[in-house]
Each structure stands twice: as structure tokens, then as C-alpha cells.
Amino acid sequence: MDKPHEIQERIFRDLISKSVQTEWGKQYNFAGIDSFGSFSKNVPISHYDDLKPYIQRMMLGEKDVLWPGKISWFAKSSGTTADKSKFIPVSPENLKNSHYKSNWDVLTILYNVKPDATILSGKNLAMGGTVGRLANFPDAMIGDISGIMIKNAPEIGRVAMSPDTDTALIADWNIKLEQMARITGKENIMSVSGVPTWAIVLFRKMMEMYGKSNMLEIWPNAEVYLHGGVAFDPYRAQFREFFPSDNFTYLEIYNSSEGFFGIQNDLSVQDMLLLVDNEIFYEFIPFEQFFDESPDVLTIRDVELNKNYVLIISTNSGLWRYVVGDTVTFTNLEPFKIRITGRIKHFINVFGEEVMVSNTDKAVAVACEKHHAKIADYTVAPVFFKNKDQGGHQWLVEFSKEPGDLAAFTRDLDLSLQQINSDYEAKRFNNLALKELELVSLPKGTFYNWMHSRGKLGGQNKVPRLSNSRQFVDEILSFYNHEHGK
């Protein structure tokens, strides 16, 4: 927090010096790189497809490709348009000095913001994925980053974990939920971590299994929920019902397959401390320039408050100037604190409205509060111009508690989005360019069943929020119609 620039400079030089003799280091003359200027001039910005051939060779057991030595673990992440899944290298250094180190930082920050915490007096539930192998890559172990962390957890961490490792890594998500509910229901669970969507599924199953009305009747000493992966605002009201206590703490973390980037360190403000000391070197491209041929690329020395940036990282797993896919904004520069604003591909800008996930999540929270409703999941896609019809947005929404008046909820959701996003408001003015959003209410369980049909249950799998295409919306509608014989 006190010396971020010096730390980032040290990490930059350390990453370069360690990788001089790798194939990537030789290809881009790491031996001749003496500053960020020469680094940014010589080394290209990389997307997954650019690194994929190198990563596949690493998965076949080749050494010294992107990072020194042989890497045996690869985190399975959501795929690009070309691939169903991405496989992110996870070196021993990355696991130890980014992921596990940052987990200790979480514990440190938690006790700093909540000195009376007793999280270490019981067990802690981490809702992770699974691990396994791919037939074509016998030398590689594959899994969600959460599963990899559970599988490789140090002994001191295993003592405080529930359920046991074998249960936590069960591949069949339905079987895992059942066993997880039975085991943890008898434990003194102090904290829970995981994507909100899947946590809600577990909580509902447990309350039904044990005949309880909230989770504190099952885990009376539970005090912390660590959340990340998706914005928490649409779920906050539901979690208050699961854990009806003013002493229950919600702490946001920013952990991905590529690294651990941030932790909320002030419970009164919903932003996160940027972790500058976990062997990740950060760069940032202004969002509006991202698709330009020669965009500005900034280090933390040059970023400004309240601007939208695309996150670029270089890591101790060999991801060089890698586009994570997330967009962030800085809310503070001393120390550096960020908020996640969305994904590069998860936004809608078909009509010049530039709607980001952070906009829709906030609009959902406002409309739900006004109408005493709760949303389990949603996704949004454009409605394209057709003949004389106007364009617009179509929302597929699954309510866990429906509003009393769906039409009024839809109007207020649209108005909230206009108040949050001036570009959307301009396009909606007098219905000239965009008509009022269309909302389709889906039965409970639709998103879960659709994700199950795609083999995307659990772990870090998430329902896509926004898209410039109608692929996901049309898939979900088709799935719903088929399931209900329409």
C-alpha cells in the first residue's frame, strides 16, 4: 500500500530476468529489455489465441516455453468464441506467491477490518470446482483454479477446510452438492467462499434438507461470505435472508484463473485494494482505445480516477502482456483501489448505448429494492432493427421472488438504467432510437438447467450477463421452449 511503484518495478524486473532463457524470452530479446519502454515496444499485447500454441506445448510436457521449467497444472477457464475452454498455466510460483499468498492477505485484511473475527475457530467452506486430465494431454492436470487450490492446499489450510478434499473435488455437481450439504451441515462453519449463484443453490438445498428457515440456524457461528466472480449487488438482499445478522460480513475478492488481483479492505466502500505485491505486473489500456491499432498502454503510475481500463497482466506463469478480459476503474490512487466494471465482450453497444455489466447490475439492484423483488440470474441481448420496428434490449430474468407488478418493474428497470447510463438514456429519449426494454420472466431453475445441459455447473462457471449477439439469449429461449413443449 505504501510503495506500489517500487514494488511493481521490482516485480517487472524479476519476471523478465527469470524468463530470459525461455523460448518467449529469447524470441522477444528479454536480455535486452532494461525498462518498461523497451518491454512495451518489443513485446506484443497477447490474447489467449496468441499464446494457445505455446500453452498446448506446455500441456504436452515441454519445458522453458513461456516460463522456466515444466508446468503441470492448467486452470480451465471460460472459452473464447473459438474454444469451449481456455487452459491457463499455473506454475508452482503462481500458486504459492499469487493465489495462496493472496489468501493469507484476505485473512489478514479480514482481521484488520473486523478485529473480533473468530474465523479460525471453526471450519471454512470453499465451493470449488474439480480436477482431472485430458486424453490428449497426459502430462497436464486440468481443473478450475478453485479445484487446483483445494487439491494443492498446504496442510495448515486443510485442517480448517470443509468438506474433505475428495468431496470438494467431486466432478458431478449434483452429487457434490448433496454430499457437501450433508457434511457441512454437521460442521461449525465460520466462512463460505464461492460464486453467489452456486452458493444460493447449496443454501436452498441445505435449508430444505434440515428443515430450517435460514443458514444461521444451521451454521450459528458463520460470520463471513467471501464473494467474487460476479457483481454481488443483485444477490445482496437474498443473502441477508440466508444470514439475518448485522454482524455477518461480506468481503469481495478478485481472484481469477490468471491470478489474484484484489481484496476489499474497507467494509464501508465497495471497491478493492489492488494487490501489487503478488508477482503480477499490471498494465492498463483505456477502454475507448482498446480496439485501436496503437492504443495507449499505462502502468499504475499513469492511471486516472474514474476511467474505464482494460486489464493487462504479466505473470509468473508465463502470461505476457495478457488481456484478462476484464475492465476496471480506479476509485483511489493512494493506495490503488479498483472496481470491476465488466468484461470486454460482456457489454452491449449495438446502438451506441455502451451499456456495461456494472450498469445493469446496479439497475437491477435499484429496481429490486423498489419492488421488493429478488433476481436469481439474468442475461441481456440486443433486439435488432427489423423492418420498421425499433431496436432495443431483451432481458431474460429468473426471479427468486417476483415483483407484484412485472410491467411496473420493467419500466423502473428501464428508467434506472437510463439514470445510470447517459448514452442509453440518450438512445431511449422519446423512444427515438431504442424502445423500452423487453423483459421475459423465466421459471425458477431455468438458468441452472440450461447451464447443466451445457456441462457448465459449479466452480467458476457463470451465466453470461451481456452480449452484442443473441447467441445465448436464443439458446436459452430455445432450451426453455423445448423443456416446456412449446
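Just so it is clear, none of the values below were taken in a lab; they were calculated from the coordinates. The model shown is predicted, which means the values in this text are computed figures rather than measured ones. Because the Cβ atoms are built from the backbone with ideal geometry, glycine has one as well, and the counts that use them run over all protein chains shown.
Numbers at a glance
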{"item": "Base-10 log of normalised Debye intensity for segment 94-137 (one unit scatterer per alpha-carbon) at q = 0.19, 0.26 Å⁻¹", "result": "-0.79, -1.05"}
{"item": "13 Å beta-carbon shell around residue 176, net charge (K/R +1, D/E -1)", "result": "-3"}
{"item": "For segment 331-423, convex hull of alpha carbons as volume per residue, Å³", "result": "129 Å³"}
{"item": "Hull volume in cubic angstrom per residue (convex hull over the Cα atoms of the chain)", "result": "158 Å³"}
{"item": "Label-point separation in nm, residue 470 to residue 111, each point 7 Å along Cα→Cβ", "result": "5.6 nm"}
{"item": "Rg in Å to one decimal, and Dmax rounded to a whole Å, for segment 1-150 via C-alpha atoms", "result": "18.3, 53"}
{"item": "Reference-scaled alpha-carbon Rg (2.2 N^0.38 Å with N residues) for segment 101-229", "result": "1.09"}
{"item": "Kirkwood-based Rg to Rh ratio, segment 239-284, C-alpha trace", "result": "1.10"}
{"item": "Stretch gain in nm, segment residue 63-residue 175, where the contour uses 0.36 nm per residue and the Cα spacing is subtracted", "result": "36.6 nm"}
{"item": "Share of Cα-Cα pairs in segment 347-483 lying beyond 23 Å, as whole percent", "result": "33 percent"}
{"item": "Ordering of 311-322, 464-475, 118-129 by packing [mean C-beta count within 10 Å, highest first]", "result": "311-322, 118-129, 464-475"}
